[in-house]
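Structure first, then comments.
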Amino acid sequence: MPYADSRLRDELATATRILAAHDLIGMFGHVSVMTDDPEHYLICPGAGTRKDLCRASDVIELDLDYEFEPGLPLELYMHAEAHRAKPDTIRSLVHVHSPALTSLSALAEQPSELLMVHAGFWPESMPIWDEPELVRDRPRAERMIDLLGDHALLLLRWHGAVIVGTTLKEAVFRSVLAETHAQQLLTALSHGRPLAPVPEDVSREDLYERLLPPFTHDLHWKLESSFVPEPPGARPV
Ligand SMILES: [Zn+2]
């Protein structure tokens, strides 16, 4: 018997299409959300599927111990181990191979400046996973989640990023903003002109709470989901 209701399946499919519309996931990349049962989560289909056409009926429900098989994301372990280790704080995880975050990941030193007030979730000291390998097994996934700690974002060197949220909507919104902020940082490094970042004595946590409270996640979701309706001809779940 499935643990997720149809509403959550709809939402995970919508999240997949939103992330695809932003070129955050495509050939690679995936998104998950926990069900009400702590042993089960929903995840989008794996590599090579049309994420922009994801339907509720394409969404896959797995238990935390489920092993990879064709059709699933190869790196599903990062989702399973995040939801196992931090079920209260990581309700949703997004993994991207997007251009700006991936480019940033290859810098020897990470810029710490905050150039956008809406990126208050950006870590002051960026955790970097620096194994030139996919997160394709549980031990790697456990180490990666340890490294992430309580941060919202982790970079995987030469690979991409992981973004988490306490809700699916938060994780999706943060993913869109993270790619934008990464692009801003890369642009700043390219032009080399003096920067005027958000002052260091401004608390990023306070900034995030003030500028991105949950109702803004709802507004973002409502707006973005209106651009990516479920494709016609969906099969009943
Ligand atoms: Zn990956």
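The values are calculated or read from the model by the stated rules, or taken from the named source; none is laboratory data. Source: prediction; values computed, not measured. As a convention, Cβ positions derive from the backbone with ideal geometry for all residues, glycine included, and neighbour counts pool all protein chains shown. To get the accessible areas, we keep the full protein, side chains included, count just its heavy atoms, and leave off ligands, DNA and RNA. Shrake-Rupley method; radii C 1.70, N 1.55, O 1.52, S 1.80 Å.
For the range 184-197, putting each phi into the Karplus relation 6.51 cos²θ - 1.76 cosθ + 1.60 with θ = phi - 60° gives couplings of 4, 5, 5, 4, 4, 5, 6, 7, x, 6, x, 9, 10, x Hz, in residue order, rounded to whole numbers and with x for Gly and Pro.
Evaluated over the Cα positions of the range 95-207, the convex hull gives a direction-averaged projected area, one quarter of its surface, of 7.1 nm².
FRET efficiency for the pair Ser190 and Thr166, taken as 1/(1 + (r/R0)^6) with r the Cβ-Cβ distance and R0 = 35 Å, rounds to 0.55.
Distances between placed amide hydrogens fall under 5 Å for Glu131 paired with Arg157, all partners being 5 or more residues away or on another chain.
Within the full protein context, the accessible area of Ser6 is estimated at about 80 Å² for a probe radius of 1.4 Å. Each distinct pair of alpha carbons in the range 71-143 adds a 1/r term; the inverse of their mean, the Kirkwood radius, is 14.2 Å. Accessible area per residue (1.4 Å probe, heavy atoms of protein chains only) ranks Asp146, Asp65 as Asp146, Asp65, with the largest value leading. Using a Gaussian network model of the chain in which every pair of alpha carbons under 10 angstrom is joined by a spring, one finds that among Leu107, Leu154, Leu74 the greatest mean-square fluctuation is at Leu107.
Karplus-based coupling profile of the range 9-20, in residue order and whole Hz: 4, 4, 5, 5, 5, 5, 4, 4, 5, 4, 5, 5, with θ = phi - 60° in 6.51 cos²θ - 1.76 cosθ + 1.60 and x standing for Gly or Pro.
Considering helices alone, the calculated mean residue ellipticity of the chain at 222 nm is -12000 deg cm²/dmol, with DSSP H runs of length four and up weighted by -39500 (n - 2.57) and normalised per residue. Between Ser57 and Ala85, full extension at 0.36 nm per residue minus the direct alpha carbon distance yields a gain of 7.3 nm. Scalar couplings 3J(HN,Hα) for the range 118-125, obtained by applying the Karplus form with A = 6.51, B = -1.76, C = 1.60 to θ = phi - 60°, are 7, 10, x, 7, 5, x, 5, 10 Hz; x denotes Gly and Pro. Extent along the principal axes, Cα only, for the chain: 56, 38, 30 Å, with the longest axis given first. The relative contact order of the chain, computed from alpha carbon pairs under 8 Å that lie at least 6 residues apart in sequence, is 23 percent.
Loop-located GluC sites (Glu not before Pro) across the range 42-84 with a Cβ neighbour count of 13 or fewer within 10 Å are Glu67, with loop assigned by DSSP. Of Arg157, Arg17, Arg174, which is the most mobile in a GNM of the chain whose springs link Cα atoms less than 10 angstrom apart? Looking only at Arg157, Arg17, Arg174, the largest GNM fluctuation is found for Arg157.
The value given for the range 1-89 is a Kirkwood hydrodynamic radius of 12.9 Å, derived from the mean inverse Cα-Cα separation.
In percent, rounded to a whole number, the relative contact order of the range 80-203 is 38, using alpha-carbon pairs under 8 Å and six or more apart.
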